[in-house]
Amino acid sequence: MRHQSPSSWAAISICIAAVVHFALGFSIEFSVDEAHYALYAKHLAWSYFDHPPLVGWIQWPLVTLTSSEGIIRLVPELLWVSSTFLVYQVTLEIHRLMQGHNAGYLSNTLPSPKLCGFMAILAIIAAPLPHVLAIGLLPDTLLAPLSLGLMLMALRWTRKDRFSLADWILTGLLLGLAGLSKYTAAFTAFALLLVFLASPKKAWITKAGFWIAAAIALTVISPVLYWNWINDWISFKYQIAHGSGSTWAWRRVAAFTGIQIACFGPLLLLGAYLFIKNCLHSQKFVLIALLSFFAIPFAIFAALSGGGSLPHWTTPAWFCLAPFAGIGLAKAWALQYRMAIRALLIGQLLICLLGFGFVLAGGINTAAIKSNPIADLYGWKLAGQKAAQLAEATKSNGIAVQNWTLGSRVAWYASPLPIFILDERQDQFDLWFGRLPAGASVLLINWSGMAFKPPVGGNLSFELCEPLDSLEIIRFGRVLSKFDYSLCRNWQDAGLAR
């Protein structure tokens with residue numbers, strides 16, 4: 001670090017991580033969510049059953065040009081790089097805010113802004129889960145840079161005497177794009193409102209610019225509202241049911257907390273703690289309001305986790321915490337607490353590297369591990385191509401699976417054949433391909449990682465299913481999984497495909 005400035009090291013660190021992401025992105029097939037959102041780009045619409053449309057719209061140019069997973073994954077990589085750049089910029093702005101209001105002794109004891117920014121970048125790069133979203137595009141990959149952009153606008157609001165019309169327009173656009181990314185963008189909007197409320201001397205609700213920003217945000221998200229209006233608000237109903245989860249339990253909250261620490265690493269938490277302990281003296285109310293960009297979504301997801309949640313939902317919140325963590329870590333570094341920071345950093349980076357190697361190796365198959373989650377990333381391209389050939393040879397009405405998570409990859413790799421999901425759950429596939437017609441014959445795929453009995457007999461099933469073929473997925477001489485293909489004839493009732 002003596003030969004390069006902290007900002008140079010930040011750029012070098014981002015580039016090294018990006019190279020690793022590219023290598024992985026060209027080495028593995030689409031995950032279930034990636035394939036699902038890539039199908040959004042193949043079936044452009046104003047919105048979709050389970051998410052707003054931006055995650056599909058942004059991929060559309062590349063999806064129309066290529067089916068290469070690595071090239072399509074340039075989109076999440078660019079978003080991740082943008083997020084890290086914004087983390088650095090937000091860190092500099094927070095540092096400037098703290099020094100610009102006569103912070104007393106704090107002005108003289110704060111580390112350099114570039115060192116704080118570098119520490120914030122390191123804390124993000126050492127966090128394991130964000131690398132997953134850098135390789136595979138999820139709505140949270142989109143929401144992270146947009147949340148940081150809104151956080152930057154909030155900082156501009158606190159530092160300037162007033163917002164210009166251009167500032168209000170940009171804020172409205174960012175809010176609208178966040179709403180097009182994910183419904184949980186509402187939590188970020190609440191955090192922005194809290195920053196406005198933390199500056200009582202600055203009028204905002206009476207300003208024309210504020211209402212212009214609100215109108216722009218509403219206009220940008222209007223496709224989602226229109227689509228839901230003509231589709232009986234199915235997306236909102238689904239999200240409310242999905243967010244509430246199952247029966248609430250404290251043990252799920254405890255598990256959620258432990259998983260969050262494992263997925264994002266203790267370095268971010270340590271840095272945030274050190275910031276609150278050592279730096280939260282000047283502009284206290286404004287800084288607490290800015291911390292709400294992390295605290296509001298994290299608290300809500302923690303509360304919802306009692307009924308069940310997914311760990312990546314909090315990713316934008318952790319990106320918003322990183323600038324504070326960077327300042328706290330840089331402060332501790334300047335106070336000679338370097339051994340602990342080095343140990344945590346090296347430990348988390350080793351975990352990330354082990355994870356990358358684990359993915360490339362195809363996971364581990366042992367008697368002690370009942371299932372291999374990495375097996376889900378291999379074999380779907382071959383399976384989809386084989387399914388398309390068998391469906392054509394048997395003149396089937398399409399391809400069927402018995403869970404939606406099995407349908408996304410098949411629909412992508414066996415395109416343009418219709419995919420039918422044989423369960424009672426309404427989903428996006430019903431909107432794309434309709435219900436399975438009565439009397440239809442389909443090619444049924446059964447995957448060993450999520451095996452089902454063939455739906456034969458009774459009123460809601462096929463008349464018979466005949467085994468046709470199978471496909472073993474082998475990597476480095478080990479069988480990761482197996483696909484079984486059956487020809488199922490005479491669907492007895494279309495109602496099950498709802």
Per-residue [θ]222 nm for the chain (sum of -39500 (n - 2.57) over DSSP H runs n ≥ 4, rounded to 500): -19500 deg cm²/dmol
Beta bridges by DSSP in the chain, antiparallel share as percent, to the nearest 5: 75 percent
Cα gyration tensor category, rounded, prolate or oblate, for segment 375-497 with a/c compared to 1.5: prolate
Nonlocal amide H pairs with ALA126, under 5 Å, H built at 1.01 Å: none
Long-range HN-HN contacts of LEU464 with modeled amide H, under 5 Å: ARG489
Electrostatic dipole magnitude of the chain [Cβ: Lys, Arg +1; Asp, Glu -1; Cα centre; debye, to 20]: 1820 debye
Neighbour-count order for MET153, MET339, MET119, MET450, fewest beta carbons within 10 angstrom listed first: MET339, MET450, MET153, MET119
Residues with amide H under 5 Å from that of LEU480, placed H, sequence gap 5 or more: ILE473, ILE474, ARG475
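Looking at segment 311-408, which chymotrypsin sites (Phe, Trp or Tyr not before Pro) are in a loop (DSSP not H, G, I, E or B) and have at most 16 other Cβ atoms within 10 Å?
TYR337
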Whether segment 222-316 is rounded, prolate or oblate, judged on the alpha carbon gyration tensor where a/c under 1.5 counts as rounded: oblate
Members of LYS207/LYS284; LYS114/LYS284; LYS42/LYS482; LYS160/LYS202; LYS182/LYS284; LYS160/LYS207 lying beyond 19 Å, as alpha-carbon distances in this model show: LYS207/LYS284; LYS114/LYS284; LYS42/LYS482; LYS182/LYS284
Karplus 3J(HN,Hα) series, Hz, for segment 13-21 with 6.51 cos²θ - 1.76 cosθ + 1.60 (x for Gly, Pro): 5, 5, 5, 4, 4, 5, 4, 4, 4
Any cysteine of the chain lacking a neighbouring Cys Cβ under 4.7 Å - listed by number: CYS15, CYS116, CYS263, CYS279, CYS320, CYS352
Aspartates and glutamates whose Cα lies under 13 Å from that of LYS453, excluding same-chain neighbours fewer than 8 positions away: ASP423, GLU466, ASP484
Whether segment 159-271 is rounded, prolate or oblate, judged on the alpha carbon gyration tensor where a/c under 1.5 counts as rounded: oblate
Estimated vicinal HN-Hα couplings, Hz - segment 209-223 in sequence order (Karplus 6.51, -1.76, 1.60; Gly, Pro = x): x, 4, 6, 5, 4, 4, 5, 5, 4, 5, 5, 5, 8, 4, x
Rounded to the nearest 20 debye, dipole of segment 375-497 from Cβ charges on Lys, Arg, Asp, Glu: 360 debye
Proxy reagent accessibility, fewest Cβ within 10 Å first, across LYS453, LYS482, LYS237: LYS453, LYS237, LYS482
Using θ = phi - 60° and Karplus 6.51 cos²θ - 1.76 cosθ + 1.60, couplings along segment 379-395 (whole Hz; Gly, Pro as x): x, 6, 5, 4, 5, x, 5, 5, 4, 4, 5, 5, 5, 5, 5, 8, 6
Protection proxy ranking, peptides 409-420, 158-169, average beta carbon neighbours within 10 Å, highest first: 409-420, 158-169
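Every number here is computed from the coordinates shown, using simple stated rules; none is lab data. Since the model is a prediction, treat every value here as computed from it, not as a measurement. For neighbour counting, all protein chains shown are included, and Cβ atoms are generated from backbone atoms with ideal geometry for every residue, glycine included.
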